[in-house]
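The values are calculated or read from the model by the stated rules, or taken from the named source; none is laboratory data. Source: prediction; values computed, not measured. Please note: Cβ atoms are built from the backbone with ideal geometry, for glycine as well, and neighbour counts cover all protein chains shown. Calculation scope for accessible area: heavy atoms of the full protein, side chains included, ligands and nucleic acids excluded. Shrake-Rupley method; radii C 1.70, N 1.55, O 1.52, S 1.80 Å.
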Amino acid sequence: MIAGQVLADVAIVGAGFAGMSAAIFAGARGLSTVQVGNAGALLFSSGPLDLMGVHPVEEGRTWSDPFAAAAAVARDIPGHPYARVDAQSIRAAFVEIVAALGEAGLDYGPLGDANRELVTGAGTVKTTYCVPRSMLANVEALAGRVPCLLVDFHGLREYSAAGIVAALSERWPRLRALRVEFRAGVAAGETHAAHLARALELAASRAALAEQIRPHLADARAVGLPAVLGLRRTDAIAADLAGQLGVPVFEVPTIPTSVPGLRLKDAFERAVARRGVRRIVQRRAIAVVLEADHFALHLEDAPPGSAPLRARAVVLATGRFMGHGLVADRSRIRETLLDLPVVQPASRSAWHQADFFDPRGHAVNRAGVSVDETFRPCDAAGQRVHPRLFAIGTLLAHHDWARTKCGAGVAIVSARAAILAAARELGTPSTAQPAPGGAPAPGAA
Ligand SMILES: Cc1cc2nc3c(=O)[nH]c(=O)nc-3n(C[C@H](O)[C@H](O)[C@H](O)COP(=O)(O)OP(=O)(O)OC[C@H]3O[C@@H](n4cnc5c(N)ncnc54)[C@H](O)[C@@H]3O)c2cc1C
């Protein structure tokens, strides 16, 4: 639906981690909210939510305490998004989003104070903060180096249990691999993770899979499978398999696009819908124009004569190059909707280091929009562009989320801070209300 007549409190452009989080925060605070963009970017997620894992990037130092890491980053990089928030607001943001995802059927493990390590489908060990419940036993098995059987599926591309075992042989010697011939009713040929996930929602498929694994258990005290344990009800499916095998069963995150990404998209969409946010998923915003005291959002392929979308505040959650929040031409990087100033090297020759693997990373991966203390974009003179214009997520400058492992964290935390500031600016209470039929998020404010 295209709406033009109604003046929303907030329009959010983008529906990745940042946009969806902002929609949850805004809806929960009673702001009339409209969101433009489809949530396809979430399919790239492998499930775990990073807060802060590596700093300084050139030293590759990993942190067990992500809050201490965020504080160190805030001290060392004054422009970093974490320099605009404190530990309490970081925690509150995670608590509210994890509660909203849980209400929508996607459970995460308890939020503690520490980072966790888990094994990935690439055979690496990932440092992250918040782990889907279906991956908790992955963390525990790795921590204890317990005898463990990793299972993969004949025909499932780009996931090899034997490859993971080989990659981790020194670190985790008692890891073994098993390949099962389990087609789950799918014709011979390639096996897709989503097909397996759907099949494993059926009790009969799980019984057949358990039957194939059981003879190979030997001394295994846990069984790891690629992340295919259902599109929904994953924890019940893992518990059922664990019951049949007599040992904990866990998921190993897979490469994108992944089943955990599908689950996240589904859960975010449900959580946003429950909070009354209106979504426009088929069209992108092509321009944001300030008109008197509100913004007009023009959408692509809008029917001739239709009015633009109007909102009192706008939150840009359009991502960087992948999302098209930023585009690069031969000489400079531009922000796509308002041509906001972009923090970037003086010339293209400084975008990248000479060595692709340079431990310092590349300046182009820290390019983005500069914001004030409340996530309002600033112009070249450092002045905020407009009191009701906000920017969040990877669109922000001064962070290299991929190298420093802070992707979801920056998105979630900046979304909350921006929405609280917008609510204040609009004169709306900034306290979260429970979603219809849901409990209030513990600690949400
Ligand atoms: C392969 C991969 C794996 C990752 N794994 C992890 C992980 O394990 N843990 C973790 O914490 N993070 C991970 N991340 C990082 C995390 O996904 C990002 O930090 C996160 O996507 C940032 O979200 P964002 O919403 O700011 O930007 P994006 O995800 O880029 O979303 C921006 C959205 O805005 C939309 N958009 C842009 N312009 C417009 C417009 N004009 N109109 C409408 N819509 C628009 C785009 O289409 C896109 O959907 C991973 C990222 C990738 C790519």
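Considering (1) modelled with pLDDT of 95 or more; (2) more than 15 Å from residue 238 (Cβ to Cβ), the lone condition that residue 149 does not fulfil carries the number (2). If you go through region 22-32 and keep only what is under 20 Å from residue 266 (Cβ atoms) and either open to solvent by 10 Å² or more (accessible area, probe 1.4 Å) or within 8 Å of the ligand (Cβ to nearest atom) (or both), you end up with just 27. Note on region 135-146: among residues that are open to solvent by 10 Å² or more (accessible area, probe 1.4 Å) and either under 18 Å from residue 235 (Cα atoms) or among the charged types (D, E, K, R) (or both), the one that is farthest from the chain's Cα centre (by Cα) is 145.
Checking each residue in region 217-272 for being farther than 24 Å from residue 97 by Cα and of a type in the set (S, T, N, Q) picks out only 244. For region 245-263, the criterion of being closer than 20 Å to residue 418 by Cβ, out of contact with any Lys or Arg (no Cβ under 6 Å at 6 or more places or on another chain) and of a type outside the set (A, V, I, L, M, F, W, C) is met by no residue. For the subset of region 43-78 comprising residues that are in contact with a helix residue (DSSP H, G or I) (Cβ under 9 Å, 6 or more places away or on another chain) and of a type in the set (Ser, Thr, Tyr), which member is farthest from the ligand (Cβ to nearest atom)? Of everything passing the filter in region 43-78, 62 is farthest from the ligand (Cβ to nearest atom).
Got at least one residue in region 332-348 being under 22 Å from residue 81 (Cα atoms), without any contact (Cβ under 8 Å) to a residue 12 or more places away in the chain and within 10 Å of the ligand (Cβ to nearest atom)? Among the residues of region 332-348, not one is under 22 Å from residue 81 (Cα atoms), without any contact (Cβ under 8 Å) to a residue 12 or more places away in the chain and within 10 Å of the ligand (Cβ to nearest atom), which makes the answer no. Taken over region 254-291, the criterion of being within 29 Å of residue 138 (Cβ to Cβ) and of a type in the set (Asp, Glu) is satisfied by 266, 269. Determine, yes or no, whether residue 305 is on the phi < 0 side of the Ramachandran plot and surrounded by fewer than 16 Cβ atoms within 10 Å (Cβ to Cβ). Against the criterion (on the phi < 0 side of the Ramachandran plot and surrounded by fewer than 16 Cβ atoms within 10 Å (Cβ to Cβ)), residue 305 does not qualify. Only one of these is in contact (Cβ under 8 Å) with a residue 12 or more places away in the chain, within 16 Å of the ligand (Cβ to nearest atom), of a type in the set (Gly, Ala, Ser) and surrounded by 19 or more Cβ atoms within 10 Å (Cβ to Cβ): 435, 391, 423, 402. Name it. Exactly one of 435, 391, 423, 402 is in contact (Cβ under 8 Å) with a residue 12 or more places away in the chain, within 16 Å of the ligand (Cβ to nearest atom), of a type in the set (Gly, Ala, Ser) and surrounded by 19 or more Cβ atoms within 10 Å (Cβ to Cβ), namely 391. The residues of region 93-130 that are under 26 Å from residue 366 (Cα atoms) and open to solvent by less than 30 Å² (accessible area, probe 1.4 Å), listed by number, are 93, 94, 97, 115, 120, 127, 128, 129, 130.
The residue of region 187-234 that is modelled with the lowest pLDDT, among those that are of a type outside the set (A, V, I, L, M), open to solvent by 50 Å² or more (accessible area, probe 1.4 Å) and part of a helix (DSSP H, G or I), is 195.
Reported count of residues in region 349-361, each being more than 16 Å from the ligand (Cβ to nearest atom) and surrounded by 15 or more Cβ atoms within 10 Å (Cβ to Cβ), is 2.
When we screen 267, 287, 273 for residues that are over 30 Å from residue 222 (Cα atoms) and under 24 Å from the mean Cα position of the chain (by Cα), the only hit is 273.
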